[in-house]
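The values are calculated or read from the model by the stated rules, or taken from the named source; none is laboratory data. Quick caveat: nothing in here was measured; it's all calculated off a predicted structure. We place every Cβ from the backbone using ideal geometry, glycine too, and count neighbours over all the protein chains shown.
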Amino acid sequence: MGERFRGTGFKHALINTERDLLGSLSNLVDLHVSGTENFDAILKTPAIIVLFPHTSHLDSFFVRAALPKTVRGRLTFAAKASAWGEGWRSCAGRLVTDTIPLDTDTISTNAFTTMIKRLSAGDCIGISPEGTRTLNDIDNRPFLRGIELLLKKTDYTVPIVPIVLHGLGDILPKGASLPRIFDGHSRRKVCVDVGAPIWYRSGMEKGAITEDLRQRCISQYKRPLIV
C-alpha cells in the first residue's frame, strides 16, 4: 500500500512536500529535538536504518519530522499492515509516512526483499525493534531479531541510527483513539533524541547485535535530555 503513495520523480517530490507540510503539525506540541550534532555523520551515509522503540501511532510521524530533509525524503517505515486500522486512519497513516506493510508480527520475505532494495538504492528504512507498540518500561521491552537479520542481508554495509522518543505515550498511547495535545492549558512536551550511526560487523554471536542495540536504546532513553 505504501508504494502507491511513494511515486517517482516529480510525483515523489510532491508527495514529500505534502508530508513535510503535514509534518509541521508537530509544532502543535512542545517539540524538542536533541542529537542534531549527529546529523553530519548521518548525512554522509547514503542509506541508514532508523531504529526506534515503539510506543505510539505518532512515533513514525515525529521520527520523520526530526530528521534532516534529505533523509526524510528517502525514509520508509516498516509497519504492520493493520497498524493504522482501516478507513480514515489508514489513509492518514499512509499520507504522512511511506510504509512497507508487514502482514504479521514477523518480517515476510517480500518485505525483506523490498527493504533490501530500498537500502541498496540509498534509501532509509525505519523500523521498531519490538515489532509493535508497547507501554512497557524501556528496560522490559524485548527486541526482535529482525533488525539483526536485516543487517546480515545488507552485508553490514548500512549503519543503524537509534532514535528514542519521550512524551508520545502521554499524547497517543496504545489503545487511545484521539491525541491529547494539551495538559491543562499547556502543550504537552515531546522530545526526540537522535543517536549517532552505529556500525556492526559480521561474526558476532547470534543475538549479540539485538541485545547490544537494546542496551544502547535503554542508555539513550535514560540519559539526561538537553532541551
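Answer yes if at least one residue in region 169-178 is without any contact (Cβ under 8 Å) to a residue 60 or more places away in the chain, in a helix (DSSP H, G or I) and surrounded by 16 or more Cβ atoms within 10 Å (Cβ to Cβ), and no otherwise. Yes, that holds for at least one residue.
Within region 143-167, residues that are without any contact (Cβ under 8 Å) to a residue 60 or more places away in the chain and on the phi < 0 side of the Ramachandran plot sit with their Cβ atoms under 7 Å from residues that are among the aromatic types (Phe, Trp, Tyr) and not in a strand (DSSP E or B), at 6+ positions apart or across chains, in these pairs: 153/112. Among the numbered criteria (1) in contact with a Phe, Trp or Tyr (Cβ under 9 Å, 6 or more places away or on another chain); (2) closer than 21 Å to residue 68 by Cα, which single criterion is violated by residue 191? Evaluating residue 191 over (1) in contact with a Phe, Trp or Tyr (Cβ under 9 Å, 6 or more places away or on another chain); (2) closer than 21 Å to residue 68 by Cα leaves (1) as the failure. Applying a threshold of 9 Å to beta carbon distances and a minimum spacing of six or more residues, or different chains, the list of pairs starting in region 21-47 at a residue that is under 17 Å from residue 122 (Cβ atoms) and surrounded by 13 or more Cβ atoms within 10 Å (Cβ to Cβ) and ending at one that is at pLDDT 90 or above and among the polar types (S, T, N, Q) reads 43/70; 47/120; 47/154; 47/157.
Do you know which residues across region 132-141 are touching a residue at least 60 places away in the same chain (Cβ under 8 Å) and either surrounded by 11 or more Cβ atoms within 10 Å (Cβ to Cβ) or among the aliphatic types (A, V, I, L, M) (or both)?
The answer is 132, 133, 134, 135, 138, 141.
Restricting attention to region 104-137, the residues that are of a type in the set (Val, Ile, Thr), under 23 Å from residue 174 (Cα atoms) and over 16 Å from the mean Cα position of the chain (by Cα) total 2.
Just to verify a result, which residue in region 184-208, among those that are surrounded by 13 or more Cβ atoms within 10 Å (Cβ to Cβ) and more than 18 Å from the chain's Cα centre (by Cα), is modelled with the highest pLDDT? Within region 184-208, the match that is modelled with the highest pLDDT is 200. Is there a residue being at pLDDT below 80, at positive phi and in contact with a helix residue (DSSP H, G or I) (Cβ under 9 Å, 6 or more places away or on another chain) anywhere in region 124-141? The answer is yes; a qualifying residue exists.
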